[in-house]
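Single-structure report; data block below.
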Amino acid sequence: MSVIIAAHVHEGIVLASDTRTTVRDGNGNTMYKDDAIKIVPFPNRMAVAHCGDASLKESLTVNKFLHQCRNRFGKECRVFDLPTKLLYEYQKLNINTDVTFYVAGYGYPGMNACIYKVLTKDGTITLTWSDSKYGASFGGMTSVPYAMMKDADYNNMSLQGCEHIVSESV
């Protein structure tokens, strides 16, 4: 099971994930791979982390889908638009998979850092963290990171401290 963490402190954003993927071979046997890349950078100081199903349909992994979206949206896309565009592109595929996206990035002056949670299964988008709202959100197998991070003081935490607690939790 995956772990992704999106955290926001006064100095910035930390986005992290594990690298494990669970796949089934042609015989239905479960295999684990530890080389998955679950964070995809986007232009304009944005990145998208994902957990849940690794493939959307035959020959289309979530990473490939995100790279296609990145190429399609280009440099004009902003953090405020990206969650809606991702969900729209996902829904156009007309598939029944379960993927969680965390879209993190920096926007316009007055609202610098934003973290959005996109749930494909129910089609919802939530702004989880923004400028003066600090904390962490978790996707995938969350019990261990939540236990390690739930009582952290994100309002007074440095970016370096946030990086440390997030990396230890993943």
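Could you list, in sequence order, all residues of segment 11-42 that are part of a loop (DSSP other than H, G, I, E, B), touching a strand residue (DSSP E or B) at 6+ places or on another chain (Cβ under 9 Å) and touching a residue at least 12 places away in the same chain (Cβ under 8 Å)? Let's see the steps before the verdict.
So the first thing to find is which residues in segment 11-42 are part of a loop (DSSP other than H, G, I, E, B), and the list is 11, 18-20, 25-29, 34-38.
If we keep only those that are touching a strand residue (DSSP E or B) at 6+ places or on another chain (Cβ under 9 Å) too, we end up with 18-20, 25, 34-38.
Of everything in segment 11-42, those that are part of a loop (DSSP other than H, G, I, E, B), touching a strand residue (DSSP E or B) at 6+ places or on another chain (Cβ under 9 Å) and touching a residue at least 12 places away in the same chain (Cβ under 8 Å) turn out to be D18, T19, R20, D34, D35, A36, I37, K38.
Which condition does R45 not pass, out of (1) open to solvent by less than 60 Å² (accessible area, probe 1.4 Å); (2) touching a residue at least 40 places away in the same chain (Cβ under 8 Å); (3) of a type outside the set (V, I, T), if it passes all the others?
Tallying (1) open to solvent by less than 60 Å² (accessible area, probe 1.4 Å); (2) touching a residue at least 40 places away in the same chain (Cβ under 8 Å); (3) of a type outside the set (V, I, T), R45 fails exactly one: (1).
How about segment 48-84: which of its residues are farther than 24 Å from V170 by Cα, among the basic types (K, R) and loosely packed, with under 15 Cβ neighbours inside 10 Å?
Selection gives K57, R72, K75.
Restricting to segment 116-141, count the residues that are within 12 Å of the chain's Cα centre (by Cα) and basic (K, R).
1
Can you find a residue in segment 46-63 that is farther than 22 Å from S2 by Cα and in contact with a helix residue (DSSP H, G or I) (Cβ under 9 Å, 6 or more places away or on another chain)? Lay out the reasoning, then the answer.
Filtering segment 46-63 down to residues farther than 22 Å from S2 by Cα leaves none.
Within segment 46-63, none of the residues are farther than 22 Å from S2 by Cα and in contact with a helix residue (DSSP H, G or I) (Cβ under 9 Å, 6 or more places away or on another chain).
Which pairs turn up if I take residues in segment 139-152 that are over 12 Å from I165 (Cα atoms) and look for partners that are open to solvent by 50 Å² or more (accessible area, probe 1.4 Å) and among the aliphatic types (A, V, I, L, M) with beta carbon separation below 8 Å, at least 6 apart in sequence or on another chain?
G140/M1; M141/M1
Taking H50 as meeting all but one of (1) in contact with a His (Cβ under 8 Å, 6 or more places away or on another chain); (2) in a strand (DSSP E or B); (3) at pLDDT 90 or above, write down the number of the exception.
Among (1) in contact with a His (Cβ under 8 Å, 6 or more places away or on another chain); (2) in a strand (DSSP E or B); (3) at pLDDT 90 or above, H50 violates only (1).
Which of (1) without any contact (Cβ under 8 Å) to a residue 12 or more places away in the chain; (2) open to solvent by 80 Å² or more (accessible area, probe 1.4 Å) does Q91 not meet, given it meets every other one?
(1)
Looking at this structure, is T22 within 16 Å of V99 (Cα to Cα) and open to solvent by 40 Å² or more (accessible area, probe 1.4 Å)? Steps first, answer last, please.
Numbers: within 16 Å of V99 (Cα to Cα): yes; open to solvent by 40 Å² or more (accessible area, probe 1.4 Å): yes.
Against the criterion (within 16 Å of V99 (Cα to Cα) and open to solvent by 40 Å² or more (accessible area, probe 1.4 Å)), T22 qualifies.
Does segment 129-167 hold any residues that are within 25 Å of F80 (Cα to Cα), open to solvent by 60 Å² or more (accessible area, probe 1.4 Å) and not in a loop (DSSP other than H, G, I, E, B), and which are they?
The answer is K133, E163.
The values are calculated or read from the model by the stated rules, or taken from the named source; none is laboratory data. Note that the coordinates shown come from a computational prediction; the quantities given were computed from them, not determined experimentally. Using ideal geometry, Cβ is built from the backbone for each residue, glycine included, and neighbour counts are taken over all protein chains shown. Quick note on the areas: whole protein, heavy atoms, side chains included, nothing else; ligands and nucleic acids left out. Shrake-Rupley method; radii C 1.70, N 1.55, O 1.52, S 1.80 Å.
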